[in-house]
Amino acid sequence: MVAAALASCWNCAVHMGLAQCAGAASTPKAASDCVVHALPLRTVATLNPAQTYSLAQLIDVAEQNSPQTQVAWERAKQAAERLGIAKSAYYPVLAGVAAFADSRVIEPFPEPLAPRGYVMAEAVVVQPEVTLEYLLFDFGRRGAAVDAATAEKLAGGANFIQANQDVAFRVATAYYRLLTAQERLQAATETLKTDQTTQDAAEAQLQNGRATLPDVLNARAQTSQDVFDLETADGDEKIARVLLTEAVGVEPSPDIRIDDQRDTQLPQMLTLPIDALIERAVADRPDLMAQASEIRAADDEVRKAKAAYRPTISLTADAAQTVLWPSVDFGKVGYANEPTWAATLGVEWRIFDGGERRNQLAMAQSKHREAQDEMREKHDQAVREVWTAYIAFRAALRKQQAAVSLMEAATMSYSSSLEAYKYGVKNLIDVVTAEKQLAQARLSSVSARSQLFLEAVDLEFTTGNLLRHKPSATQPPPQDGHP
């Protein structure tokens with residue numbers, strides 16, 4: 001199935017950093033946690049023209065090469081680091097300071113006691129010191145910052161999943177379009193063979209006196225048209241190869257080989273009712289997950305801004321070993337080598353700040369409302385996209401079923417018309433008409449099959465389940481008019 005083929009790429013490159021996290025990215029938390037510990041590759045993957053690639057392998061290469069996934073990777077990593085920074089506020093700050101000083105001070109002094117009218121004092125000081133700063137209580141300011149950073153980390157993980165799904169969707173679309181172009185090329189080849197058979201039959205009938213020269217010329221003209229169509233299909237197939245390599249992120253080239261998926265079962269897993277599909281989208285779409293995390297982060301920023309109105313209680317302390325070598329003009333002073341320390345428990349409460357806290361709170365509340373409005377817009381957009389993809393998939397499914405019947409009928413019609421023409425029962429016009437119907441049926445069959453795959457990928461993408469391990473739906477397809 002399409003979903004199984006796409007999902008298999010999550011496990012096909014566990015030795016690579018970014019691809020490994022793409023494989024583990026079933027949830028935003030799993031994605032962000034993996035990003036923290038894995039190392040991204042900075043090498044660019046290439047394709048081997050002699051190798052046949054599956055869709056899963058092509059998606060894996062695209063994830064490694066895509067700047068979009070690399071950017072999402074780094075942003076998720078940055079969000080995880082910001083969470084670490086926010087958590088560090090709960091720990092004390094311990095610093096070591098070493099001071100080395102040599103000073104000379106002149107102090108005025110009465111001349112009877114000091115002939116020069118001043119006294120000179122010199123001191124050499126060595127003071128290694130350890131300082132401690134510890135914020136004991138801040139009424140939830142640090143907690144709000146940690147919660148906001150946690151939400152941003154989850155948003156980064158969800159955005160990483162979304163980036164990988166975007167890449168997978170582009171590659172899958174280009175992949176199935178190449179398959180369509182290949183099948184159109186094959187259909188054009190088979191149509192040419194069919195028309196050549198009709199031309200041979202007309203020439204044979206002409207020799208037997210049962211056909212006219214215009215019949216033969218008409219058959220030859222149709223064969224020439226088929227040659228033209230074959231060359232067009234061949235060019236379209238090569239262009240589709242170039243577009244696929246471009247989507248994968250390698251040097252654009254027609255030198256790419258893919259498995260033809262001849263035995264791939266047509267997608268039948270997306271047969272859930274529309275309500276169930278919408279529920280899956282709301283629960284599983286990475287963009288909605290990311291937006292929900294943004295709302296939580298905005299709410300935590302409001303809490304942080306409100307906590308700024310309250311005081312903070314902190315402890316500051318320092319301990320040092322002070323070594324002093326003083327000397328003065330008159331008298332003797334002592335050498336000192338003693339420990340010194342100081343400790344302070346302080347309360348700070350900002351009474352007036354010119355409106356800074358008020359403006360920060362207003363901005364945080366505005367961002368919270370903005371995030372909620374954006375969530376409502378994305379939710380409505382997701383529902384519209386699921387409805388559109390669902391209708392398109394169901395229509396493609398019915399078209400594919402009709403195309404199978406059309407192909408069978410057109411094949412039988414042409415075979416019987418050609419056989420009857422050979423026995424002189426029908427004329428060439430009947431054969432040419434059946435021949436055109438068969439050619440149209442071939443193209444319709446190719447288009448319907450590829451469209452079904454494309455619409456299945458689109459529906460998986462819009463529900464947020466592209467590249468996810470999900471059980472296939474076991475319910476029967478809903479009846480028309482009863483979604």
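The values are calculated or read from the model by the stated rules, or taken from the named source; none is laboratory data. Keep in mind the model is a prediction, meaning the values are calculated, not measured. Glycine gets a Cβ as well: all are built from the backbone with ideal geometry, and neighbour counts include every protein chain shown.
Laid out as a table, the results:
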| quantity | calculated |
| --- | --- |
| When residues of segment 399-443 are limited to those that are among the polar types (S, T, N, Q) and surrounded by 19 or more Cβ atoms within 10 Å (Cβ to Cβ), the one modelled with the lowest pLDDT | Ser417 |
| Sole residue being under 38 Å from the mean Cα position of the chain (by Cα) and part of a loop (DSSP other than H, G, I, E, B), chosen from Leu443, Leu459, Leu466, Leu452 | Leu466 |
| Segment 38-58, residues that are over 12 Å from Gly249 (Cα atoms) and in a loop (DSSP other than H, G, I, E, B) | Ala38, Leu39, Pro40, Leu41, Arg42, Thr43, Asn48, Pro49, Ala50, Gln51, Ser54 |
| Verdict on Ala320 being surrounded by 13 or more Cβ atoms within 10 Å (Cβ to Cβ), assigned to a strand (DSSP E or B) and not basic (Lys, Arg) | yes |
| Of the criteria (1) more than 15 Å from Thr180 (Cα to Cα); (2) at pLDDT 80 or above, which one Pro471 fails | (2) |
| Residue among Ala50, Ala25, Ala31 that is crowded, with 18+ Cβ neighbours inside 10 Å, at pLDDT 75 or above and at negative phi | Ala31 |
| Count of segment 305-317 residues which are crowded, with 16+ Cβ neighbours inside 10 Å and outside any strand (DSSP E or B) | 4 |
| Selection count, segment 211-224, where residues are free of Cβ contacts under 8 Å to residues at least 24 places away in the same chain and either under 13 Å from Thr191 (Cα atoms) or not in a helix (DSSP H, G or I) (or both) | 2 |
| Of all residues in segment 149-165 being touching a Leu at 6+ places or on another chain (Cβ under 9 Å) and within 23 Å of Lys306 (Cβ to Cβ), the one that is surrounded by the most Cβ atoms within 10 Å (Cβ to Cβ) | Lys153 |
| Test: residue in segment 320-331 that is within 30 Å of Leu288 (Cβ to Cβ), among the hydrophobic types (A, V, I, L, M, F, W, C) and touching a residue at least 60 places away in the same chain (Cβ under 8 Å) | no |
| Residue match in segment 328-350 (condition: surrounded by 14 or more Cβ atoms within 10 Å (Cβ to Cβ) and of a type in the set (S, T, N, Q)) | no |
| Any hit, segment 158-175, residues being in contact with a helix residue (DSSP H, G or I) (Cβ under 9 Å, 6 or more places away or on another chain) and of a type in the set (D, E, K, R) | yes |
| Candidates Val105, Val35, Val97, Val61 - the one that is more than 30 Å from Leu132 (Cα to Cα), in contact (Cβ under 8 Å) with a residue 12 or more places away in the chain and assigned to a strand (DSSP E or B) | Val105 |
| Enumeration of residues in segment 385-418 that are in contact with a helix residue (DSSP H, G or I) (Cβ under 9 Å, 6 or more places away or on another chain) and either among the polar types (S, T, N, Q) or outside any helix (DSSP H, G or I) (or both) | Thr388, Gln400, Gln401, Thr411, Ser413, Ser415, Ser416, Ser417 |
| Single match in Asp215, Asp229, Asp236 (criterion: over 24 Å from Thr411 (Cβ atoms) and either acidic (Asp, Glu) or surrounded by 17 or more Cβ atoms within 10 Å (Cβ to Cβ) (or both)) | Asp236 |
